[in-house]
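Submitted below is the structure of interest, expressed as structure tokens.
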Amino acid sequence: MGARRDVLVIAAYRMLLNLAGLLLPLSSPMDPSIWVSLNYGTLAAGGLVGYLFGFRRPQKIMLAMTPLLFIWYPYTMPIAMFGLGILDPLATPMIYEKHGDKAVSLVSSLTSFGIAASGLLLLLPPFIPFLLLPSVLLLPSMSRKTNVKQAVASSLNVETALFAASTFILGGLYTIFLARMSGIPYAKYMLAAAAVSMGMIRLASHKLQKWLYAFIIAAGLGFIMFAFNYALFLLFILPYAVIYPMITMLAGKHGRKDPTTAINAAFAGVGTGSAVLPAASRSINVLVFPSVLIAIGALMAIVNRLQLVSFYRVNKKFANRL
């Protein structure tokens, strides 16, 4: 029962985290790009607090009280995002360490349905869905013995660094996508369609791992299309949807002694990119970023190809000796 409970609570939390992100462009009391950057900046700050100090009584109380902040929505959104950020870097490690790979796979699947459901929850008053958040009190306390130095040391390899770089840009592009939705006719319904599509396409991600690099490049191209015409938003959302869970697993496999710190190191770029790039895109041509993304995707494909060729040569040489 404990494993099922923990998995369900984490999946519900992921649903609400995605819903909060969807609410941002619909609640902007200021320039949408700055508002989205501010909120994702506080999400990243909350994530750092959770990562360094764990998930104990003070953090639990903060997260459990977050639904109250949505009563004064939208001006309390930055504080709410900080509270949501606390659990973000701990959710996968908590499930991984306590219940193993099977539970992580189940969380990933349930999260896919949760992301899809978050789009439908946009039709409700904001604070109602977040009444689920006090359920996090059911989760076990957690204080991982780790620090920033250990996280960097556990992920010092080329491919994980490239994963981190690509997720930095992808997270930033996604929040630029959110900011650009503000003021568009039928934005709420487009965001709902994006969330439903993203959730459903994620379910197929584990079967598409060999196409990871192609999807990274496709996401960059899709964002360029979206930048020219917002009606083409699914061209960005669909390839973006499958990348996050694939990179989570691949980063973990490159994690040496601590796979979960490698996952967090790879995704540290998501919160930072999400906070920096939307506001930066107001003064820098946003099309530069998809171009960089495509270049990184191509570089990752080359690195991966070289590794496969090296593996093939070593095994062929060994087979010839036999």
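Would you grab the residues whose amide H sits under 5 Å from the one on Met142? Only those 5+ places off in sequence or on another chain, please, with H modelled 1.01 Å from N.
Correct list: Phe55, Arg56.
Could you give the length gained by full extension between Asn285 and Met225, i.e. 0.36 nm per residue of separation minus their alpha carbon distance, to one decimal place? Could you put the intermediate results ahead of the total?
Details: separation 60, 0.36 × 60 = 21.60 nm, distance 1.45 nm.
Gain on extension, Asn285 to Met225, equals 20.2 nm.
What's the FRET efficiency of Leu123 with Ala3 using the Cβ-Cβ distance as r and R₀ = 35 Å, to the nearest 0.05?
Values: r = 32 Å, r/R0 = 0.92.
E between Leu123 and Ala3, to the nearest 0.05, is 0.60.
Ranked by accessible surface with a 1.4 Å probe, highest first, in what order do Thr175, Thr42 come? Before the final figure, lay out the partial values.
On the way: Thr175 0, Thr42 30 Å².
From most accessible down to least: Thr42, Thr175.
What trypsin sites (Lys or Arg not before Pro) in the range 1-69 are in a loop by DSSP, with at most 14 other Cβ atoms within 10 Å of the Cβ?
Working: sites: Arg4, Arg5, Arg14, Arg56, Lys60; in loops: Arg56.
Those satisfying the criteria are Arg56.
Round to a whole number: what % of the accessible area of the range 57-129 belongs to carbon and sulfur, probe 1.4 Å? Can you show the working numbers first?
On the way: 2410 of 3340 Å².
Carbon and sulfur atoms account for 72 percent of the accessible area of the range 57-129.
The values are calculated or read from the model by the stated rules, or taken from the named source; none is laboratory data. What you see is a predicted model; the values in this text were computed from it and never measured. Reconstructed Cβ throughout: ideal geometry from the backbone, glycine too, with neighbour counts over all protein chains shown. Surface accessibility is based on the protein's heavy atoms, side chains included, excluding ligands, DNA and RNA. Shrake-Rupley method; radii C 1.70, N 1.55, O 1.52, S 1.80 Å.
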